[in-house]
Structure formats: structure tokens, C-alpha cells
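Student: The following block contains the structure, expressed as C-alpha cells.
The values are calculated or read from the model by the stated rules, or taken from the named source; none is laboratory data. Just so you know, these numbers come straight off a predicted model, no measurement behind them. A quick note on method: Cβ atoms are made from the backbone with ideal geometry, for glycine too, and the neighbour counts reach across all protein chains shown. Calculation scope for accessible area: heavy atoms of the full protein, side chains included, ligands and nucleic acids excluded. Shrake-Rupley method; radii C 1.70, N 1.55, O 1.52, S 1.80 Å.
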Amino acid sequence: MLERIKLERFTAFELLSLNFSKGLNIFIGENGCGKTHLLKVVYAACDVSKSQKSFAEKINRVFLPSGEQIGRLVKRRTGSSHGNIEVVRSVGTTEEEKTLFLRLSMSNHTKDFAKASVSGVKLWKEHPLNSVYIPVKDMMANAPGFRSLYSLRHIHFEEVYADIIDRAFLGALRGPTDNQRKRLLTILQQSMAGKVVSKNEEFFLKSSQGDLEFTLLAEGIRKLGLLWMLIQNGTLLDGSVLLWDEPEANLNPKLMRTVVQILIELQRLGVQTFITTHNYNLLKEFDLQLLPSDQAQFNSLFRDPEGNVKIASFSQYDDLQPNPIDEAFSDLADREIRQQMKGLSP
């Protein structure tokens, strides 16, 4: 389980330290506060434990700075500066629990990722961790040929896009599907009116209308289909990590209830989840569906008067401050009321 993260002079962050919830970690904040960057760092740390790749290289390929110069990820300032990342996780049982640290440090003058300093790698990689990062842009409709193109050619795509296709193409686990996963798959199948199959690197929704290719499906349905695949093939099991950047993107508000239901159920099954959102409806669905026994943390990223990114964390949605999403929704309601009141004026 991931326990905490510390970022120093990295991208948007001068200094950020955050303890994670074991279950749901929900991030809000205005554009440019580093929500996606936070998720990408966490994902890179998780991925290298399983892929055995270099942490510095993975950070570079996930963020894709200009010229692939890793030093460009150090927070911009005049003169020389150093940026640092530290991710902490616990492994083992309560009786024999270990705390692992993965650290990365580089200068703003560091061009080659191989010159960045990394520590804690050996123990970190001895304990593989399943993880998946779902980016805002859908890639399932673009899957045919993309993996081979990405592996053979130098194309300007952040590696999260290739990774999510690889996760989706994993074969089903051997043996029968357990009842908990069956229930989640059934919920998704009812919402999609079908289930997902793949043929020749192409995804289809198998429904009463036949096999409908993903290119013909609404993106919201493709999101549900991706969740179905990740649950069906065992990527999302107890002890795994799910990171999802803006799950509400191109999703009909009616389907948000299903998505939130699945995310909360995955948390109950032991999946540690990180999501970002700008959507009031999605936040309220979490607020309405979460039970006191659920493990959830609401995090608000904001800039202080000096322009530095800070974070405030709360266990209850109602306590979340600052809450720019709630404020924008309230402002919209106030403007509507004022407009209606003007129409009633004699």
C-alpha cells in the first residue's frame, strides 16, 4: 500500500507532502495546480516495481519533457536548482510490515535521465505492485497497431497511453471469476448493454446488436468498457493501485453513478484508488454513496498568496476547503436566481 509522497521543487510544486488514504484518494483544484502530475509520479513509482524499469526513465517517459531532458521537470527558477521525489509504501503483513522508500533527485541542468540520482530501487522492485493509469484521452478506439508503432518508432506520446492499452490487452485470469468481480462485471454489463471482446488488437462491445467496434461507441461507454476489461483480466485486484485522471470526461451524468459505485466497491475489495476531478456531480456521487466504514480522503490543491501550490485534506466532502467546484456551482445557481428575479420585476 502507498503511504505518502513528498515533492520538492518538482514541476508545479515547491514543496508538497501528503499522506494517502488506504482506499480512495480524490483530488480537486483549479487548472495548473498539479493534480495530473501528482498522479503520474505515483503511477511511475508503482509501475517500475512491476516492469523493473528505471524510475528516472519512467518519470521521463510519463511526463515527456522537451528533448526528453529530465532536468526540465525541476520547478523553474533563476539559477541552479534541484528537484526531489520521494514515494513511500508499506509491504507485508501487520506483524512483519516493511516500509519502502523510492527517491529520485535531479538538477535543472540534468539532461540525461541516467544522470539523475535514484535510491531505494532494489527493495522497491523486490515487491511488485499491480497498477494502472487511465488518462483523460481515450485510447481504446486507437489500439489497433498502436502498440507495435510505439515500440518500433520514436513517437511523441506519453507512455501512459501505451501502458493502458497493454493493461487492457492482458488475458483473463485462469480459473473461475470470484463472486465479487462477477458482481462488478454484471453492473458494468447492464450499463453498457453488453460485454467487451477483442479481435486482432481491436475492441468490440458484444451486445444484442452484434459486435460493435469501439470507434462507433460513445466515449462514455468506452470508459465503462475499459473498467470491465481491467476487472475481468485481474488488473484490479486486492492490493493493486488504480489512478484515473478525470473519469467524468465525456461521461453522461447518468453514468457517473455507476462509475462511482464501481470505484467505491473496488476500494472495499482492497484497490487503492487515486482520481482527479473537476465535476460537481461526480463529487456529490461520492458524497452520497460513501459509507462511514469506507476509507476515503478528499484533497484540495490550491495556490497560496505567494503562488505556491498547497494541499488540504479531509475525510468528509462537506469539510473540503477550498472547494472551487462547489463555489463555481453555487455561483451559477446564484446567477440563475438573480436572472429569474429580474424577470419577475415589474
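Student: Can you give the % of DSSP beta bridges in the stretch 179-315 that are antiparallel, to the nearest 5?
Tutor: Bridges in the stretch 179-315 are about 75 percent antiparallel.
Student: Continuing with the same structure: Please get the size of the charge dipole for the chain, origin at its Cα centre, with Cβ charges of +1 on Lys and Arg and -1 on Asp and Glu, quoted in debye to the nearest 20.
Tutor: 760
Student: Right, here's the next one. For the stretch 260-266, in order, what is each residue's ³J(HN,Hα) by Karplus, 6.51 cos²θ - 1.76 cosθ + 1.60 with θ = phi - 60°, in whole Hz (x at glycine and Pro)?
Tutor: Those phi angles translate into 5, 4, 5, 5, 5, 5, 4 Hz.
Student: Please compute the length gained on full extension between F329 and T215, using 0.36 nm multiplied by the number of residues separating them and subtracting their Cα-Cα distance.
Tutor: 37.7 nm
Student: Arranged from highest to lowest average of other beta-carbon atoms within 10 Å per residue, in what order do the peptides 65-71, 130-136 appear?
Tutor: Packing proxy ranking, top to bottom: 130-136, 65-71.
Student: Rolling a 1.4 angstrom probe over the protein heavy atoms, how many square angstrom per residue are accessible across the stretch 132-192?
Tutor: Averaged over the residues of the stretch 132-192, the accessible area is 56 Å².
Student: Next up: Report in % the part of the accessible area of the stretch 294-346 that belongs to carbon and sulfur, leaving out ligands and nucleic acids; probe 1.4 Å.
Tutor: 50
Student: For semi-axes √(5λ) of the Cα gyration tensor in Å, which listed value, [x] 31, 29, 21; [y] 36, 23, 18; [z] 43, 24, 21, comes from the coordinates shown?
Tutor: After the calculation, the listed value that fits is [x].
Student: Follow-up question, since we're still on this one. Once the dipole of the chain is set up with Lys and Arg at +1 and Asp and Glu at -1 on Cβ about the Cα centre, which of S81, F27, V91 lies farthest towards its positive end?
Tutor: My answer, from the dipole projection, is S81.
Student: Next up: Among L188, S151, V62, pick out the residue whose Cα is farthest towards the positive end of the charge dipole of the chain, where Lys and Arg carry +1 and Asp and Glu carry -1 on C-beta, about the Cα centre.
Tutor: Going by the charge dipole, the pick is S151.
Student: Give me the percent of DSSP beta bridges within the chain that run antiparallel, rounded to the nearest 5. All intermediate terms of the calculation are to be shown ahead of the outcome.
Tutor: Details: 41 of 60 bridges.
About 70 percent, rounded to the nearest 5.
Student: Sticking with this one: Modelling each spin label as a point 7 Å along the Cα-to-Cβ direction, I'd like the D319/S90 distance in nm, to one decimal.
Tutor: 2.0
Student: Expected output is a single nm value to one decimal: the length gained when fully extending between I337 and V136, i.e. 0.36 nm times separation in residues minus the C-alpha distance. What is it?
Tutor: Details: separation 201, 0.36 × 201 = 72.36 nm, distance 3.36 nm.
Once the chain is fully extended between I337 and V136, it gains 69.0 nm.
Student: To continue, here is another question. Quick one: compute the contact order of the stretch 25-112, relative version, from alpha carbon pairs under 8 angstrom and 6+ residues apart, as a percent.
Tutor: 25
Student: How many nm is it between the label spots at K206 and N19, if each spot is 7 Å from the Cα in line with the beta carbon?
Tutor: Placing both labels 7 Å beyond Cα along the Cβ direction yields 4.7 nm.
Student: Please find, in a Gaussian network model of the chain (springs between Cα atoms separated by less than 10 Å), the residue of T277, T11, T93 whose mean-square fluctuation is greatest.
Tutor: Among T277, T11, T93, the largest mean-square fluctuation in the Gaussian network model of the chain belongs to T93.
Student: Under a 1.4 Å probe, what is the accessible area of the stretch 252-340 per residue, stated in Å²?
Tutor: 52
Student: Could you list which residues have their amide H under 5 Å from that of Q297, counting only those 5 or more apart in sequence or on another chain, with H placed in the peptide plane?
Tutor: L24, N25, I26
Student: Using a probe of 1.4 angstrom, how much of the accessible area of the stretch 134-234 is carbon and sulfur, in percent?
Tutor: With neighbouring chains kept in place, the figure for the stretch 134-234 is 50 percent.
Student: Considering amide H positions built from the backbone, and no H for Pro or chain starts, which residues 5 or more places from N308, or on another chain, come under 5 Å of its amide H?
Tutor: Amide H neighbours of N308, under 5 Å, 5+ apart: none.
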